[in-house]
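Here the structure is laid out as structure tokens; the discussion comes afterwards.
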Amino acid sequence: MPDVDKLLHEFIEEDRAGGPADPRAYLERVEGTDRAELEALIDGYLARAPRRPFDSEAFARSPARVVAEELGRALGGASGTWPALLPRLRHRAQLRRADVVRRLADELGAREAQVDKVARYYHEMERGTLPAAGVSDRVLEALGRIVGVTAQRLRDAGRTSGGTTPGTAGAVAFARVGSPDPRYVEPGEPPAPAAPEPRDEIDQLFTSAGRD
Amino acid sequence: MFRPLDEAELQRLDDDALVGYMRRARTAGHPSAALALAILVYGHWANVERRIRLKVPESYVEDLTGDVVADAIASAFDGTSVGEFVSWLGTITRRAIADFYRRGQGRSRLEALPAIEPEAPSEEGAVEIRDAIERVMATLRDDHQRVVDIIVFGGGTAADAVREVAGVTEANAHQIVSRFRRALRRELEAGGDTGST
């Protein structure tokens, strides 16, 4: 049976030669405490391993691109990490954006004529263009029930990273991370109002928290 | 005055400098912020993913990796991370794995944790989520930790350790590594590893 030292060195050599080496192929060759030891050592190596050199083609095919895309919207926007969080929560809850909007509108007691406005605000939350500080607890509580997290979790995410005010610099800076993940993208932007709409309770709920 | 860097220059920056560059590029509205972010995410993805795959069922690996990488970078970007980026990333990874089991498989980490944990972990918390390697490393002096890093995790030789660590001989280096490995096996045989499948 190969010894742990030899396997660890082979793993590191393969990983440095271009890798990434697959730990499982090495772990399969040992058992018992040897296996546990090799696993711990490989884990220790990976925890200390330097950043891998960037490869734009591999990045484009990697799940890392999706995370970079979401993070780019979050870091460049005004909504904290909502652009990284909300599409993934929605995806995990197996809900389309239209489903979330409809349920959110119901929870907020929106009239039929106000559903498009709810859709626009929710879209802005996912795109990182709606200042998080203005969104009321009532919206976050309702949204949390729909996607399965607490309102506090959403509030915390809204406070994290990105800008605190809407602006173009951050959006421009992170605009070219990648194209949106097709799993989360749905065709069609929320319809813009045909004419200026009077400010109503929906606007209040999404933009006026903390102003009273 | 912001000076944009090209891809080759960005690749040469260490992680913390890359995060600093992202902040400056964002303020300047310069699109190289996106490239810096891509370099950081891509560069750590495979290492985090493989660490998580060692501990977590395959169907959860990609999601949990995304959570960890996103959390670590977001908190480093907004200045709420603790210490160097790579250590912070390790802390977030261990917490995410420990939490995966604490909360029960199948429940999203996003469901249960604050987005980012901005505060420094308490000593008790840090100990609780340490894995066997970190527990054993924590018992070593700093110079001995460095020897272990060079020889065991860096694939170096005792001669490399002698060159890099003052006051260490090749014989010392071998002894330090042997003691570390014996202590690690004792730790593993005691079954104290956290979060292992």
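Tabulated data for the structure shown
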{"quantity": "Cα-centred dipole magnitude for segment A:7-53, charges only on beta-carbon of K, R (+1) and D, E (-1), debye, nearest 20", "calculated": "320"}
{"quantity": "Nitroxide proxy distance, nm - points 7 Å out along Cα→Cβ at B:A8 and B:R135", "calculated": "4.8"}
{"quantity": "Fully extended contour minus Cα-Cα distance, from A:A113 to A:D5, at 0.36 nm per residue", "calculated": "32.0 nm"}
{"quantity": "Net charge over other residues, Cβ less than 10 angstrom from the Cβ of A:L41 (K, R count +1; D, E count -1)", "calculated": "-3"}
{"quantity": "Of B:Y21, B:A8, B:V48, farthest towards positive along the dipole that unit charges on Lys, Arg, Asp, Glu beta carbons give segment B:1-70", "calculated": "B:Y21"}
{"quantity": "Inter-label distance for A:Q94 and B:A190, nm, one decimal - labels placed 7 Å from Cα along Cα-to-Cβ", "calculated": "4.5"}
{"quantity": "Residues in segment A:137-151 that a label on A:Q204 would reach, taking backbone N under 20 Å of a point 7 Å out along Cα→Cβ", "calculated": "A:137-143"}
{"quantity": "Distant-in-sequence amide H partners of A:G19 (H built 1.01 Å from N, under 5 Å)", "calculated": "none"}
{"quantity": "Nearest-20 debye value, segment A:36-151 charge dipole, Cβ charges on Lys, Arg, Asp, Glu", "calculated": "300"}
{"quantity": "Rel. contact order, % - alpha carbon contacts under 8 angstrom, at least six apart, segment A:1-114", "calculated": "15"}
{"quantity": "Environment charge of B:V86, counting only residues whose C-beta is closer than 10 Å and scoring Lys/Arg +1, Asp/Glu -1", "calculated": "-2"}
{"quantity": "Extension gain from B:V82 to B:D143, taking 0.36 nm per residue of separation minus the Cα-Cα distance", "calculated": "19.7 nm"}
{"quantity": "Efficiency of FRET between B:S59 and A:T33 - r from beta-carbon atoms, R0 25 angstrom, step 0.05", "calculated": "0.35"}
{"quantity": "Cβ-based charge dipole, segment A:64-149, positive-most Cα from A:G76, A:S136, A:A93", "calculated": "A:A93"}
{"quantity": "Shielding of B:65-74 by partner chains, average beta-carbon count, 10 Å", "calculated": "6"}
{"quantity": "Taking only Cα atoms of segment B:1-77, radius of gyration then Dmax in Å", "calculated": "14.1, 48"}
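Every number here is computed from the coordinates shown, using simple stated rules; none is lab data. What you see is a predicted model, and the numbers here were worked out from it, not measured in a lab. Counting neighbours? That spans all protein chains shown, and the Cβs are built from the backbone with ideal geometry, glycine included.
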